[in-house]
Amino acid sequence: MLSKLIKYEFKATARTFFWIYAAFVVIMVLNALFNPITLASHNNSFASDDVPVALAVLSGALIVLYFAAIVAVVVVTFVFILLRFWRSMNGDLGYLTLTLPATREQHLGAKVIVATVWNIVSGVLVVLSIFLMMANTGGVSDIFGELRKFAAEGVPIGGWTATVIVLVIVGSATGSLMLFAAMSWGPVLLKNHRVGGSFLAYIILYAITQIVMGAVLLVIGLSNWGAVGPVEIGGAVPLGGPGSTFDVAVADGADAPLAFADGNLAFSPADISSVTAILLITLVINVAFGVAYWFFTRAMLNRKQNLA
Amino acid sequence: MTAILEAKGLSKHYAQVAALNEASFALEAGRIVGLLGPNGSGKTTLIKLACDLLAPTAGEILVDGMAPGVETKKIVSYLPDRVYFDERMKVGDCVEMFADFYEDFDVMKANEMLAQLGVAQQLLFKNLSKGTKEKAQLCFVMSRKAKLYLLDEPIGGVDPAARDYILSTILRNYNEDGTVLISTHLIYDIERILDDVLFLNWGRVVRHQSTDELREQTGKSVDEVFREVFKC
């Protein structure tokens, strides 16, 4: 049953997302191909001073369009996931959705999976577009070069990347679940103002999430302060103060393992374990919130509020 | 024998208002039952409770002996009082969807009925007229070989010719071993097809009997009795 629900959830959302993503890809490709400023940086004979005004304007417009498109993809993905849930669970479509021979948990599961996939697709597209833009200036190989250097110095780039990927997936699911929790709670919270109730519910859940996450990270930051404080590393300047999650130090001494020595950023073993801990703890918090939102949404859905 | 739909002291309150108030009844299999009552008498609430769209405040409702859930949804064919398809879907996709989800859905029958109605499979649901949408939706609902059909106001808001179409579609297509519960306040049009009547008023069952019995007892038609019972 879950696979059937996922199939129809994809069918119902794919058409809209296809057009959003197609438009984004077109803007992304236009930017990569026809951005004369980027071209100028490749071609010395085409110095930026010589760029005709029309091309400069076009280039500027394309850049503005590109950043607008990034914001639009992220916002539209969020809004469309929201609208789809609202219409199919709280609106007229709910009369069909909720009378299909499936449990409310199965509906929720299908919606979380599909929303997570769309979130990830939009994220991947944005990252790809940044890579594509940087490809013209050789920025991508610079990034990979730096990463290789870090890896050679013992920084677990592979492990961090894997954790970040898992974090992105879990974070997308948790984000969708928070949205669904708000829309399931809203009609219970304010029975006669279901939409307003859902907004209020979202604000409450968002605030709780931020406070808990901030508090946990603050506690970790403070506990790390003693262990990896700037005192240990001569001349180190902590970034972000005592509350920062990890400290990057600037020092001119060759003895300092954590330093911007010769303009290169380096990590000490303590910082490596700090970053690893932060990543893992953020992951655990995300999982915990995801699980909590799942059960909360399920409980709200099982209260079977009257459909409009 | 297990009743196909049974309510035991069933109540549903919205805020302080009781939409259903300790309603109790049992419907037998193989009957066409009119769920009759004025606006606000609790008809839609009762049907929604049977469809698992609402949770009762007190009492219980059983479909074929089971509390509403996945198993009852497999045997209940529900027509709400509104369009419940995603209107951006093609009619053919809706057929495929029903076939995917409901084992008792007869694709051939649905396609035949839709063709008779002049609705092409390629059409988007939103491109159908209001009346055709309602009729097409009824085709989907009646193409299931369900044990219980719950039809909420199928003839409300349509012209008399469409009423005839809807009633004949119900009569020609329902599973004869199943029960059809039709909610309406348009008694005159529907009286001739009813085996039983269930009168609801202020959320209470005020009369539940066969139409023959009612006519014998009162010497009046269901419509006349309705007008007397619900006189304002």
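Observations, loosely collected:
- Chain B: relative contact order as a whole-number percent, Cα under 8 Å and 6+ apart: 27
- Per-residue mean of C-beta atoms belonging to partner chains within 10 Å, peptide B:76-85: 4
- Among beta bridges that DSSP assigns inside chain B, antiparallel share in %, nearest 5: 55
- Share of carbon and sulfur in the accessible heavy-atom surface of the protein assembly as shown [1.4 Å probe, %]: 64
- Complex-versus-alone comparison for the range B:54-70, residues with a loss of 20 Å² or more in accessible area, probe 1.4 Å: B:L54, B:A55, B:V70
- In the range B:1-71, GluC sites (Glu not before Pro) in a DSSP loop with at most 15 other beta-carbon atoms within 10 Å: B:E28
- Gyration tensor (alpha-carbon) shape descriptor, the range A:120-192, a/c threshold 1.5: oblate
- C-alpha long axis of helix B:91-101 to longest principal axis of chain B, angle in °: 60
- Accessible area buried at the A-B interface, both sides summed, 1.4 Å probe (Å², nearest 100): 2600
- In this structure the protein assembly as shown gives 47 Å² per residue of accessible area when probed at 1.4 Å with all protein chains present.
- Over all pairs of different C-alpha atoms, the range B:65-109 has a mean inverse distance whose reciprocal, the Kirkwood radius, equals 12.2 Å.
- Span per principal axis, largest first, for the Cα atoms of the range A:72-145 (Å): 55, 21, 10
- Selection from A:N90, A:A277, A:I130 lying farthest towards where the dipole of the protein assembly as shown points positive, charges on Cβ: A:N90
- Computed FRET value (nearest 0.05) for B:D177 with B:A67, which takes r as the C-beta separation and R₀ as 30 Å: 0.85
- In the range A:275-308, burial by the other protein chains removes 40 Å² or more of accessible area from A:K304, A:N306, compared with the chain on its own (1.4 Å probe, ligands and nucleic acids ignored).
- Value of [θ]222 nm, deg cm²/dmol, for the protein assembly as shown, DSSP H segments ≥ 4, -39500 (n - 2.57) each, nearest 500: -19000 deg cm²/dmol
- About the Cα centre, charge dipole magnitude for the protein assembly as shown (Lys/Arg +1, Asp/Glu -1 at Cβ), debye: 1100
- Ratio of Rg to Rh over the range B:114-232 (Cα coordinates, Kirkwood Rh, two decimals): 1.02
- Too-long pairs where the Cα-Cα distance tops 29 Å, listed order kept, from A:K4/A:K304; A:K4/B:K12; B:K12/B:K220: A:K4/B:K12; B:K12/B:K220
- Summarising the strand pairing of the protein assembly as shown, around 55 percent of its internal DSSP beta bridges are antiparallel.
- Angle in degrees between helix B:160-173 and the longest Cα principal axis of chain B, rounded to the nearest 10: 90
- Among the GluC sites (Glu not before Pro) in the range B:92-165, those placed in a DSSP loop whose Cβ has at most 11 other Cβ atoms within 10 Å are B:E103.
- Compactness of chain B - radius of gyration and Dmax, Cα, Å: 17.5, 52
- Crossing angle, helix B:130-142 versus chain B [Cα axis fit, 0-90 degrees, rounded to tens]: 80
- The residue among B:F25, B:Y102, B:G118 whose Cα reaches farthest toward the positive pole of the charge dipole of chain B, with charges on the beta-carbon of Lys, Arg, Asp and Glu, is B:G118.
- For the protein assembly as shown, alpha-carbon Rg and Dmax in angstrom: 31.4, 109
The values are calculated or read from the model by the stated rules, or taken from the named source; none is laboratory data. Just so it is clear, the structure is predicted and the values come from calculations on it, not from any experiment. In this analysis, Cβ positions are derived from the backbone assuming ideal geometry, glycine residues included, and neighbour counts consider all displayed protein chains. Note: areas computed on protein heavy atoms with side chains; ligands, DNA, RNA excluded. Shrake-Rupley method; radii C 1.70, N 1.55, O 1.52, S 1.80 Å.
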